[in-house]
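The values are calculated or read from the model by the stated rules, or taken from the named source; none is laboratory data. Predicted, not measured: the structure shown is a model, and the values here were computed from it. So basically every Cβ, Gly included, is an ideal-geometry build from the backbone, and we count neighbours across all protein chains shown. In case anyone asks, the SASA skips ligands and DNA or RNA and just uses the protein heavy atoms, side chains included. Shrake-Rupley method; radii C 1.70, N 1.55, O 1.52, S 1.80 Å.
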Amino acid sequence: MNKLLCFTAAISLGATGAVAATPSHFAGANLLPQAKVTLAQARATAVRAHPGVITDQELEKERGGTGLRYSFDIKNNGKTFEVGVDARTGKVLENDAEGANPD
C-alpha cells in the first residue's frame with residue numbers, strides 16, 4: 001500500500017513539473033499551519049503560471065490577497081521571475097520579472 005501511495009504522489013507531482021530543482025531550504029515553514037494550500041499545490045500553480053525551474057521558495061506574510069503567500073523564484077531562459085501564490089486561496093498574486101534588487 002505504501003509503495004502505491006508513493007508512486008501515485010510521484011506521478012502526480014511529476015506531471016506538474018513542480019518537482020524540478022527543489023530548493024534546499026524553505027523559509028517560512030513555521031507558517032505552514034496557517035496555509036490552506038499545500039507547498040506542492042502552490043509549486044504546481046506557480047509553474048503553470050510561469051513555466052521554468054523553481055530556484056527559491058518561501059512562505060511569508062505580505063500585503064495582498066489574504067496576507068499569506070508562497071513566493072517562488074522561477075528561472076526561464078536566463079531570466080528570473082517572481083511568482084506569488086496566495087497560501088489560503090491558491091490564486092496567483094504576482095507573476096513579474098525579478099527586479100534589480102530582488103527580495
Item to complete: Out of Leu32, Leu5, report the one residue that is touching a strand residue (DSSP E or B) at 6+ places or on another chain (Cβ under 8 Å), in a helix (DSSP H, G or I) and modelled with pLDDT under 95.
Response: Leu32
Worksheet entry | Conditions (1) polar (S, T, N, Q); (2) at pLDDT 95 or above; (3) at positive phi; number of the one not met by Asn77 | (2)
Worksheet item: List the pairs whose first member sits in segment 46-65 and is surrounded by fewer than 16 Cβ atoms within 10 Å (Cβ to Cβ) and of a type in the set (Val, Ile, Thr), whose second member is modelled with pLDDT under 95 and part of a loop (DSSP other than H, G, I, E, B), and whose Cβ atoms are under 6 Å apart, counting only residues at least 6 apart or on separate chains?
Response: Val53/Ala20; Val53/Ala21
Worksheet, complete the sentence: Note on segment 67-100: residues open to solvent by 60 Å² or more (accessible area, probe 1.4 Å) and outside any strand (DSSP E or B) are Asn77, Gly78, Arg88, Thr89, Lys91, Ala100
Discussion item. I'd like to know if segment 53-65 contains one or more residues that are within 10 Å of the chain's Cα centre (by Cα) and small (Gly, Ala, Ser).
Written reply: no
